[in-house]
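Please treat every number below as a calculation from the coordinates, not as lab data. Computed from a predicted model, the values in this text were never measured in an experiment. Glycine gets a Cβ as well: all are built from the backbone with ideal geometry, and neighbour counts include every protein chain shown.
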Amino acid sequence: MVKKKRAGRQRPDDIAGTAQATVDTDVSADTALPSSRSHAPGKKNLLSPLPASAQRGDWTLAMLALMIFLAPAIGVPSEELLQDSLKSMVVSFGAVLAGLLFFWSRRQRHAPLHWHALMWLPLSLMVYALGSMLWSHTYLAGVEATRWFVFSLILWLGINTFTLSRRELLVEAIHWGALSASLWTALQFWFDFSYFPQGPNPASTFVNRNFFAEFVVCSMPFSAYLLAQAMRSPRIALIAATLGFNVVALMMTGTRGALSAMWLLLFLVFPLTAFLYRRQFNFSAWDKSKRWLACGVLVTTVGVLGVINTNNPRLLGEAQTSGVGTSAFGRALLRTASMSDIKGDPSLSIRFVMWSATARIIKDKPWTGVGAGAWEVMLPLYQSEGAQLETDYYVHNEFLQLLAEYGLTGWLFLLALFAYLLRAAWTTLKNRTAEGLAEAPMRAVALASLLALLIVSNIGFPWRLASTGCLFALCLGLLGASDVRLQRASLLTTIALPWKPVYSKSLFALMLACLALTSYISAQAVLTEQKIVRAVKMALAVSQSGDYNNPKWNRVKREMLSLTRQAIAINRHYRKITPMVGDELARWGDWQDAVWVWESVVSSRPYIVAIMSNIARGYAQMGDIDKALDYLNRCEKLQPKAVSVRSLKVILLSRSGREREAASLAKLYMDEGSYDFDLINAAWILSLRQHDYDMAIKSIELRNKGWPDLRVDGFLKLAAIYALQKKDERKALEYFRAAVAATSSDAEKDAVRKKIPQDLLDKL
């Protein structure tokens, strides 16, 4: 007991040296290392105390480090490739190239490799996804299977290459990758630097600021580790400044899930870890000047940069409309405080709608789920009556989505993952041997990063994003490699895999095939997105001209349609972009091509009510009432009370000769407050045909209230009804005056006066 106690109180460099000599090495893979721990009599240690497969000259870890650096650091300066697609390519190529390097370096070696029970988690999801390709959505299930294959490959390579002496390279890559991404964020926040096309900003190289924030908060434990392990003053100042910069960049986003995780890390997890393992971190050997330097640089960086106001017009607009602040501090504090008002938050309200629908899926399909990746396809079947939420593609809660899609397999995955992480945290705290203490800091860092990931997973979808999903696998790899060094062989934890050169050569050939497949899929993705985005940009340019029926646009329209057809021929599953082309075609009156585009989307997503109602309108415009009614019936089976479906029903009934029934329904829907612009206009026309002038007045009053930019025309219509049908001159004059008053220029006032009958104009 005395010897163990002394071992636990060694200085950081003494412990590192002892542990390094005992459990870490760069020796030949053919040499089995004896364990430094004693085992019970009769127990055979089947496992070397570290991944003996990690060899000098092996570039596997370097490739993994390059992958996790590039994924957040680089983006696409053009709209013709999605940011998410680029990052997925970086991670996929990085994982496969790392696998090639790994098996090439072992093509002549017989040393055993290592298997960890963690591997069964992503592999089980991959197998389920492959199976669900047969009975659920084939394309989306295939995407999921590929994702979990890449995850499994990264995890296994990590278990076999993350040694004590070499894993520092990975930590550096994570930190500097996050810093590079933070730099782009700061430039967007302070100077409106818009090099990377994206949605809500500042989002760095990501398409959405939430995605950036979720990655950076998960990287912070690694940045804190580098600071705690720094020894020289310049290094301490550099890491403290860059960590502070990352904190400020995250605050600039105002992402509440990531901010919650950051506050927990900064004010609880980091101090607790620093206290528990203070003798294992190099900061325990700092003198007072170094401690003051680290604290001063960190606090000054956050304090000074955090109060600088944004010059981004969109963020200034957000600050004015939502009161979220114009500085990093302001956005962080106000956005964090806004979490107390859950009911009044529109973003959270939408999430609650999705979560409720997902809960119904889980209740309906508890064992099988709806199939890997099929949540977005099946969601319309489980929405509450009258709801029509069809713009989101993920639940914004990883756990709910996993259970809804994977059923029992998802339950087992989550239970096993949480059980492992709790056990890993407990064994890390409990192990006070020299080897255990040497491993503890990095284990604590990996666990802290995973804790942040689990927090943001409750309100986002970071597992499905390349950068955060990759970091998830790397953190588990760090824990798995540490388990290999610390634990005896066990079927429940880690075992040694007997190995032969022929295995390495066979798997090297498999990696070559994977590389070829990755190249082909990436090329097709680039080509598809390039074509469909170009087509969308052309369509928007024609629409924005305001003269879209001018023959000068015919060549552009032909090229746009050609690009659209080529893109759909390659991949008809781009639901996010393809419908935009159909919407613009409908705006121009090209219903035939618009319907074709929309039907290509419905062939992949058969329950999207909004698109099916558009198709029905298109067929109605083309005179094919039977097909229009067929799509109406499909819509009514899904969401009979949805506003767009009710509007469509009124329009189709009126066009099929059932005007009295259509007028009756229009009046009922308006009384219930269930209407849209199309229904209001249909009600106006039907009411005039039925000589129901009270209904006509109500329809225009509702239009004026809901669409005030049309109120001049509305006032004129109301005045005409009161003048000609109601014979109420006083009310007619009132609305004519309102129409004149609603105009903003003398020319507009004159144009309105010309529409007023002369006898009333004289009285006006």
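Okay, here's what the table says:
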| read-out | value |
| --- | --- |
| Listed pairs LYS667/LYS749; LYS87/LYS531; LYS649/LYS727 exceeding 27 Å between Cα atoms | LYS667/LYS749; LYS649/LYS727 |
| With Cα atoms, 0 to 90° folded angle of helix 83-105 axis to the chain main axis | 20 |
| Unit charges on C-beta of K, R, D, E only; dipole of segment 161-266, Debye | 200 |
| Distance from segment 703-764 to segment 603-669 (C-alpha centre basis), Å | 33 |
| Positive-end residue, segment 353-482 charge dipole about Cα centroid, Cβ charges, pick of PRO380, LEU415, TYR393 | LEU415 |
| Size-normalised alpha-carbon gyration radius of the chain, reference 2.2 N^0.38 Å | 1.15 |
| Mean Cα-pair separation over length for the chain, i.e. relative contact order, pairs under 8 Å, 6 or more apart, % | 15 |
| Lys, Arg +1 and Asp, Glu -1 on Cβ, resulting dipole of segment 641-764 about Cα centre, debye, nearest 20 | 240 |
| Dmax and Rg, reported as Rg then Dmax, of segment 709-764 (C-alpha, Å) | 10.3, 30 |
| Within segment 368-456, GluC sites (Glu not before Pro) in DSSP loop having at most 10 other beta-carbon neighbours inside 10 Å | GLU385 |
| Unit charges at the beta carbon, dipole of segment 709-764: most positive-side option, ALA723, LEU761, LEU710 | ALA723 |
| LEU381-ASP626 FRET efficiency (beta carbon distance; Förster radius 25 Å; 0.05 resolution) | 0.50 |
| Over segment 141-293, volume per residue of the alpha carbon convex hull, in Å³ | 148 |
| Electrostatic dipole magnitude of the chain [Cβ: Lys, Arg +1; Asp, Glu -1; Cα centre; debye, to 20] | 2380 |
| Packing rank of 242-254, 157-169, where each peptide gets the mean count of other beta carbons within 10 Å, highest leading | 242-254, 157-169 |
| Highest-first arrangement of 181-188, 322-329, where packing means the average Cβ count within 10 Å | 181-188, 322-329 |
| Segments 309-320, 144-155 sorted - mean Cβ within 10 Å per residue, highest first | 144-155, 309-320 |
| Helix 591-602 vs. the chain, principal-axis angle (Cα, 0 to 90°, nearest 10) | 30 |
| Principal-axis tilt of helix 233-253 within the chain, Cα atoms, nearest 10 degrees | 20 |
| Trypsin sites (Lys or Arg not before Pro) lying in DSSP loop within segment 398-443, provided at most 12 other Cβ fall within 10 Å | ARG432 |
